[in-house]
1. Any idea which of 77, 8, 51 is at pLDDT below 95, surrounded by fewer than 14 Cβ atoms within 10 Å (Cβ to Cβ) and more than 23 Å from residue 128 (Cα to Cα)?
2. If you scan segment 286-299, which residues turn out to be closer than 30 Å to residue 102 by Cα and surrounded by fewer than 18 Cβ atoms within 10 Å (Cβ to Cβ)?
3. For segment 212-241, give me the residue count where each residue is outside any strand (DSSP E or B) and more than 25 Å from residue 284 (Cβ to Cβ).
4. For the list (1) without any contact (Cβ under 8 Å) to a residue 60 or more places away in the chain; (2) assigned to a helix (DSSP H, G or I); (3) over 18 Å from residue 21 (Cα atoms), I need the number of the one condition that residue 121 fails.
5. Do we have any residue at all in segment 147-154 that's in contact with a strand residue (DSSP E or B) (Cβ under 6 Å, 6 or more places away or on another chain), part of a loop (DSSP other than H, G, I, E, B) and assigned by TED's automatic domain parsing to the domain that holds residue 236?
6. For segment 300-321, name all the residues that are in contact with a strand residue (DSSP E or B) (Cβ under 8 Å, 6 or more places away or on another chain) and buried (at least 17 other Cβ atoms within 10 Å of the Cβ).
């Protein structure tokens with residue numbers, strides 16, 4: 001690794017904070033229709049002109065704004081990912097990262113103690129936190145294209161009922177049901193989350209939502225309903241301990257019909273837990289906010305085998321843009 005790469009990694013927090021603050025101030029929305037000078041931009045977002053120019057210049061240097069003729073305009077990337085009207089809007093995730101940014105100041109304490117920096121509640125204790133978290137997950141999946149890729153490549157042709165366990169905003173399930181119009185779906189998640197899910201589905205998936213049942217439950221406590229033909233689990237096991245995941249796989253086995261399919265989508269690590277890089281770094285966030293970490297294929301396959309599933313296999317999503325994989329197994 002050369003100096004420039006190391007320095008860029010070590011200083012990445014500054015660029016992240018600049019984008020977060022610009023988004024929070026409304027900089028991108030302010031010039032979505034018309035370019036603006038620094039003075040006009042400051043007036044629109046309610047900030048000081050000199051400081052606004054410094055922020056806008058930094059954002060322009062990153063390639064998210066263009067500056068010409070004394071006025072700032074959106075770059076193609078900003079218009080695609082940072083304007084709310086875009087179907088690939090990533091702002092939900094960025095604003096979530098902005099809200100939890102203070103957690104990173106506790107990383108040293110978390111490493112020393114082994115304890116998270118906040119109570120692991122999946123952001124259920126406060127309605128505003130729940131809304132921000134669930135919309136962040138929707139934002140990420142839509143912007144990167146995970147749900148579309150999964151729906152196009154995952155073979156669930158024999159499934160009449162698909163359950164999305166911990167399905168959050170319903171982004172994956174809606175995409176799967178569009179791909180399989182004869183199937184119906186269920187989202188199994190916590191009550192506070194499903195209140196947000198209902199709003200998101202009404203906003204974006206009004207037609208598909210008619211085929212989705214929302215079932216409030218806590219998968220750590222409750223038995224799972226069934227029988228269903230397929231269970232899809234995205235970005236759930238990384239938030240739990242290995243013991244909790246072992247029990248969850250047993251619950252899924254009981255819930256599935258014979259011949260049913262379980263699909264786990266997550267960062268699926270190598271044996272050494274060092275690759276993919278995104279998963280290794282993300283495990284530090286999980287240390288700060290959950291009881292879990294990212295797990296290896298061997299660990300996940302072991303849980304599935306112990307629960308009674310057969311022939312667990314791994315299918316990697318193309319990288320870039322993705323950094324995750326599917327682990328698929330069947331109930332004999």
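1. Residue meeting the stated conditions: 8.
2. 291, 296
3. 9
4. (2)
5. No, segment 147-154 contains no residue that is in contact with a strand residue (DSSP E or B) (Cβ under 6 Å, 6 or more places away or on another chain), part of a loop (DSSP other than H, G, I, E, B) and assigned by TED's automatic domain parsing to the domain that holds residue 236.
6. 300, 301, 304, 309, 312, 317
Conditions (1) surrounded by fewer than 14 Cβ atoms within 10 Å (Cβ to Cβ); (2) out of contact with any strand residue (DSSP E or B) (no Cβ under 8 Å at 6 or more places or on another chain); (3) farther than 27 Å from residue 186 by Cβ, marked per residue:
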| site | (1), (2), (3) |
| --- | --- |
| 86 | no, yes, yes |
| 90 | no, yes, yes |
| 105 | yes, yes, yes |
| 112 | yes, yes, yes |
| 125 | yes, yes, no |
| 133 | no, yes, no |
| 139 | no, yes, no |
| 157 | yes, yes, no |
| 166 | no, no, no |
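The values are calculated or read from the model by the stated rules, or taken from the named source; none is laboratory data. Treat the numbers as computed from the prediction; the structure is a model and nothing was measured. Note that we place each Cβ from the backbone using ideal geometry, even for glycine, and neighbour counts take in every protein chain shown.
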